[in-house]
């Protein structure tokens, strides 16, 4: 996911780029080191949303949250470079030597299993002249740079540096791949760029850090490793990534108006929303199915949103996930992965019809999201209101965003004040000498 632009006065380039770290080194606070003050208009955009106002009186974030490139850069620093981020699933790295690649902000990464089956994640950048090492996904016994042939083991060790005879002050142990913290929870692969988590990435600890008190609810409602992966679909949508999330979080508000077929299979009066620290869960019972009806929804559906951009949908024999990845301030990529109960793997008719029904919902949602984005860019719109009885999860999402954004800006301001005070003290001593 690339913004394709400089920081445009929000932060210095150094501030937004996670620094290369040796294993065990402590990551700097994203956006803090060597940072310049946030652009004043970005500060104003953050301040225009007041998370303390009760839901029934609150206004939504201003349209600039969804259109401003500088605001997106602040989000990448303060939201995506902090805490665990879902990036894939365990079926992509099921076997030793499996790997997959991705991009988050300006970070290129690769996740892999070494020959012993240990899971790793690294910056997908050769230490010689910065070429990308791997592309896509697959099965490799090593990563060889396509530029000059430097070769790395799947444990990150530099195995071969070509044509470096005569080089001085070079220790190959200092030139392995830069590691990224990686873990799994259930069927999901997670990475993080800060250094605030425990060193022991065991299931319960990661679950508590990623999901908080919602981990038990999700872990006991069929969100586990028992469902094989069926397929992946990707959509490029002409909207800000938060527009897609907002659409997901409206408590079924849009379903009867936009998804007629889906609405007929749900008892929307049973819709309920639960909020946790970093998770919101929407639940709805399904309409009774006739004996001969096609039934992919089962008796109830659970829709879990994991802040900031990961959605888990569990219904009947299916689980699907949606990952909304920013491409720029007005475009995102949404990755859908489908998982199915083992008992139905051979029922190709059921799978085909289920995926067709899901595809229809996605097409309808894409049209909605792209229409909202165009409206957000119109001068006629600034802020909106929440429907208090259904849009509590959306409000919860916006409050979490605001907390991250404010924390990042306050950290930058503090660092700038400290740096300024240190400089003034140094200048005073120089003058005295």
* Asked: By how many nm would the segment from residue 229 to residue 359 grow when fully extended, if each residue of separation counts as 0.36 nm and the alpha-carbon distance is taken off?
  -> 45.1 nm
* What ranking of 50, 68 emerges when the number of other C-beta atoms within 10 Å of each C-beta is taken as an exposure proxy, fewest first? -> 50, 68
* **Fewest-first ranking of 242, 342, 140, using other Cβ atoms within 10 Å as the exposure measure** => 342, 140, 242
* Would you mind classifying the stretch 218-376 by shape? Square roots of the alpha carbon gyration tensor eigenvalues, ordered a ≥ b ≥ c; an a/c under 1.5 is rounded, otherwise it is prolate if a/b is larger than b/c and oblate if not. => rounded
* Structure fact -> Between residue 128 and residue 328, the two model label points (7 Å from Cα along the beta-carbon direction) sit apart by a distance in nm of 3.3
* Chain lengthening between residue 97 and residue 116 when straightened (0.36 nm per residue, less Cα-Cα) -> 6.0 nm
* Can you work out the FRET efficiency for the pair residue 55 and residue 403, with r the C-beta to C-beta distance and R0 = 22 Å, to the nearest 0.05? -> 0.85
* Structure fact -> Length gained, residue 269-residue 300, 0.36 nm per residue minus C-alpha separation, equals 9.9 nm
* Structure fact -> Fewest-first ordering of 361, 325 by Cβ atoms within 10 Å yields 361, 325
* Quick one: check the C-alpha center-to-center distance for the stretch 390-412 versus the stretch 76-147, whole angstrom. => 29
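Every read-out reported here was derived from the displayed coordinates using simple, explicitly stated rules and does not represent laboratory data. Keep in mind the model is a prediction, meaning the values are calculated, not measured. Note that each Cβ is placed from the backbone with ideal geometry, even for glycine, and that neighbours are counted across all protein chains shown.
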